[in-house]
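The values are calculated or read from the model by the stated rules, or taken from the named source; none is laboratory data. Owing to the predicted nature of the structure, the values given are computational and were not obtained by experimental measurement. Cβ coordinates were reconstructed from backbone atoms using ideal geometry, including for glycine residues, and neighbour counts include every protein chain displayed.
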Amino acid sequence: MTEKKITRKFLLYIFFSGFAALVNFASRFLYETIPGVNFEIAVALAYVTGMMVNFAFSKWITFQAASSGRFKREAIKFFAVAIVGLVVTVVISAGALRFLSWIGPSVAPDLPLEADEETLAALAHLAGMAAGLVANFVGHELISFRSTGIGDRLKGILTRSSREEK
């Protein structure tokens, strides 16, 4: 039963993350039109845009935490997990772009297949998004919308230390 529940959650996560990914992917092109914004910065800004969309779908539909009463706590955990996903996405995207640019001409020199810089950037961005999707799902499943007790323990420590100071 648990495996079926996780599979359903993962499929919902992929479905709704797909929309957030479209927002992410499309917004990168918009961000790159801003003077001074390079590929890596555009990927990071696009990620944050998609992340906000993903939070809404994840909280209210995928992880069914709409009435948890822990919005602030879940948002903090979600964005902490998402920062890890951001790093994964940017690193994989940047690495994939450099790799594709390096091997591009040598992959099939006799074929009339030439990928322009924008196509390579799009492929690299998609690779980074895929890696970030997996990292985010695992983090959100284990941390974001689950009562981990960390918040209560921190609150207890802070309350105890403020009482001891008096």
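Would the range 1-8 turn up any residue that is aliphatic (A, V, I, L, M), assigned to a helix (DSSP H, G or I) and at pLDDT 90 or above? Full working, then the answer.
From the range 1-8, those aliphatic (A, V, I, L, M) are 1, 6; that's our starting set.
Checking which are assigned to a helix (DSSP H, G or I) leaves us with 6.
From the residues that got through so far, the ones that are at pLDDT 90 or above too are none.
No: the range 1-8 contains no residue that is aliphatic (A, V, I, L, M), assigned to a helix (DSSP H, G or I) and at pLDDT 90 or above.
For Ala44, state whether it is surrounded by 14 or more Cβ atoms within 10 Å (Cβ to Cβ), in contact with a Leu (Cβ under 9 Å, 6 or more places away or on another chain), in contact (Cβ under 8 Å) with a residue 24 or more places away in the chain and under 19 Å from Ser144 (Cβ atoms). In short, no. Residues in the range 9-56 that are of a type in the set (Gly, Ala, Ser), at pLDDT 90 or above, over 24 Å from Ile76 (Cβ atoms) and in a helix (DSSP H, G or I): Ala26, Ala42.
When the criteria are applied in full, Ser93 meets the requirement of being closer than 16 Å to His125 by Cα, surrounded by 13 or more Cβ atoms within 10 Å (Cβ to Cβ) and either within 19 Å of the chain's Cα centre (by Cα) or at pLDDT 80 or above (or both). Going through (1) modelled with pLDDT of 90 or more; (2) on the phi > 0 side of the Ramachandran plot one by one, Gln64 falls short only on (1). Quick one: is Ser147 under 27 Å from Leu11 (Cα atoms), at pLDDT below 75 and small (Gly, Ala, Ser)? So Ser147 fits the description; yes.
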